[in-house]
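Enquirer: Let me give you the structure first, and then I'll get to my questions.
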Number of protein chains: 2
Amino acid sequence: MSAVGEHWTVQVDKALRGRNDQFAADNRAHFRTAGVFVLNIVSSPGAGKTLLLERTLAALREELRIGVQVGDLQTDNDARRLSGHGASVVQIVTNGCCHLEAGMVAKALESQPLGELDLLIIENVGNLVCPASYDLGEDMRIVLVSVTEGEDKPLKYPTIFRNAQLVVITKLDLVGPAGVDLQLLRENVRRAAPQAHLFELSARTGEGLMDWYAYLRRARSGQAGAS
Amino acid sequence: MSAVGEHWTVQVDKALRGRNDQFAADNRAHFRTAGVFVLNIVSSPGAGKTLLLERTLAALREELRIGVQVGDLQTDNDARRLSGHGASVVQIVTNGCCHLEAGMVAKALESQPLGELDLLIIENVGNLVCPASYDLGEDMRIVLVSVTEGEDKPLKYPTIFRNAQLVVITKLDLVGPAGVDLQLLRENVRRAAPQAHLFELSARTGEGLMDWYAYLRRARSGQAGAS
């Protein structure tokens, strides 16, 4: 709504997005050539990305060679949490940037050879807005939304839901304690993301995790559409 | 980390922030002249900004003339929730912009005369990153962090905590069910925001709300430092 410089901002924004799209296209070509399936996981801070990843690495490490890229403004807490699960983990510190960009992923790949991976999971910066606008070259964008965030979030942050192939409702064990209307949350996910497959789980209790692992296996072998 | 255009981006960013700072200084001058105390409330999506505001309006409407500006990417859900509590509520739809800027607040003031207010509460877009960089001209920046987001958030999103005068830990009723280490969360808030006053409350059960109202009354009458 700032009048001055608005046109300029839009132009710059377009140029930067265009540059990101080039990097994303390059990434996508490299992923395809190497036969690596790539997930881009986005959510609010604290929706449970890292815990779900810990569980997933522990469950699938024997059958898949998994790489993880973790985006954070600062700290390598998440990378430290995720190491020791048999995956190759690279921390991307964005130095305050509120989202990952395709160029950052490309740079991280320099220390993570694609030939050694079957599955690459990118944990984006915790932010339900900005990561929506940056393609990383992934095969599948996954939005996590915790039941504790309230039923209305899919309607309030529509862009990120509209561009997701998969929506995962997390912290299912807190539906009762938080007094959440799960049915309403589901309906709002369906309205904001009619194209997306929907999962519901609790990484803490394990509820729903077997279906999640099965979905990832099918997706990785190209059968996600058949699920 | 993208090499091309980096210098350009930094220059543009500087120019835009400079422009915002001018608007913020103007806002601040208007607020002072009108004797209106102004809060800028920031948090992740779903940390409980709107419910806390509903409670606050209901409790203080008899003693203070309160205005609210609500920032959202899309939808006017929050403004609708907040109307009917005796406050003047203006919705700012940012059309996808991930934070409020001082110019947006100035424009909203056109339909919200400062002469009719004692207290203006600005509910920022749900985002723990970008709003940190945009001064709106407020007297006090308040970060809400829900216990369900996990203990590490103050360390992972340091900028927004470092610039806060007040940190409010919300959803205290979910400490047990979510298995949160409240003491560790407190310590991390103190590390990330040693300058800030700390509150803990549950807008759902009412725990801590009386202290919160008392603090706002003192802050509004210029005695916040004495609390």
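The values are calculated or read from the model by the stated rules, or taken from the named source; none is laboratory data. What you are looking at is a predicted structure, and each value in this text was computed from that prediction instead of being measured. Cβ: placed from backbone, ideal geometry, glycine included. Neighbour counts: every protein chain shown. Remember, those area values only see protein heavy atoms, side chains included, never the ligands or the DNA or RNA. Shrake-Rupley method; radii C 1.70, N 1.55, O 1.52, S 1.80 Å.
Enquirer: Taking +1 at the Cβ of each Lys and Arg and -1 at the Cβ of each Asp and Glu, which of A:SER88, A:SER44, A:LEU109 sits farthest along the dipole of segment A:33-128 towards its positive end, judged by Cα position relative to the Cα centre?
Expert: Most positive-ward Cα: A:SER44.
Enquirer: How high is the relative contact order of segment A:107-227, in percent, counting Cα pairs under 8 Å that sit 6 or more residues apart?
Expert: 22 percent
Enquirer: Run the dipole for the protein assembly as shown about the Cα centre, Lys and Arg Cβ at +1, Asp and Glu Cβ at -1, nothing else charged, and hand back the magnitude in debye, nearest 20.
Expert: Once rounded to the nearest 20, the dipole reads 100 debye.
Enquirer: So what is the relative contact order for chain B, in percent, with contacts set as C-alpha pairs under 8 Å and at least six apart?
Expert: Over chain B, the number comes to 22 percent.
Enquirer: Report, for B:GLY222, each distance to the same residue's label point in the other copies, shortest first and in nm; define the point 7 Å along Cα→Cβ.
Expert: So the distances to the same position in the other copies read 7.4 nm.
Enquirer: To continue, here is another question. Taking beta carbons within 10 Å but only from partner chains, what does the mean come to for residues B:167-174? All intermediate terms of the calculation are to be shown ahead of the outcome.
Expert: On the way: counts 0, 0, 0, 0, 4, 0, 3, 6.
Neighbouring Cβ atoms belonging to other protein chains average 2 per residue here.
Enquirer: Hey, another quick one. Ignoring ligands, DNA and RNA, how do B:MET104, B:MET210 rank by accessible area with a 1.4 Å probe, largest first?
Expert: B:MET210, B:MET104
Enquirer: OK, next. Any idea of the total accessible area buried by the A-B contact, 1.4 Å probe, rounded to 100 Å²? Don't jump to the answer; show the numbers that get you there.
Expert: Values: alone 10860 and 10840 Å², together 17890 Å².
Adding both sides of the contact gives about 3800 Å².
Enquirer: For B:ARG186 and B:ARG81, compute 0.36 nm times the residue count separating them, minus their Cα-Cα distance, and round to one decimal in nm.
Expert: Numbers: separation 105, 0.36 × 105 = 37.80 nm, distance 3.03 nm.
Result: 34.8 nm gained on full extension.
Enquirer: Then there's this: Among the listed pairs A:LYS49/A:LYS171; A:LYS49/B:LYS153; B:LYS14/B:LYS49; B:LYS14/B:LYS153; A:LYS14/B:LYS156; A:LYS107/A:LYS156, which have their C-alpha atoms separated by more than 21 angstrom in this model?
Expert: From the list (A:LYS49/A:LYS171; A:LYS49/B:LYS153; B:LYS14/B:LYS49; B:LYS14/B:LYS153; A:LYS14/B:LYS156; A:LYS107/A:LYS156), the Cα-Cα distance tops 21 Å for B:LYS14/B:LYS49; B:LYS14/B:LYS153; A:LYS14/B:LYS156; A:LYS107/A:LYS156.
Enquirer: When the Debye formula is applied to the Cα atoms of the protein assembly as shown, each taken as the same point scatterer, what base-10 log of I(q)/I(0) results at q = 0.05, 0.06, 0.10 Å⁻¹?
Expert: -0.18, -0.25, -0.72
Enquirer: A further question follows. Using the Cα centre of chain B as the reference point, and only Cβ charges (+1 on K/R, -1 on D/E), how large is the resulting charge dipole? Debye, rounded to the nearest 20.
Expert: Details: 24 positive and 27 negative charges, 53 e Å.
The calculated dipole for chain B is roughly 260 debye.
Enquirer: With the contact rule set at Cα under 8 Å and sequence spacing of 6 or more, what percent relative contact order holds for segment B:62-144?
Expert: With pairs under 8 Å counted, the relative contact order is 38 percent.
Enquirer: Right, here's the next one. To one decimal in nm, how far is A:HIS30 from the same spot in the other copies, if labels go 7 Å from Cα toward Cβ? Please give the shortest first.
Expert: 4.9
Enquirer: Can you give the three extents of the C-alpha atoms in segment A:82-141 along their principal axes, from longest to shortest, in whole Å?
Expert: Extents along the principal axes: 31, 22, 18 Å.
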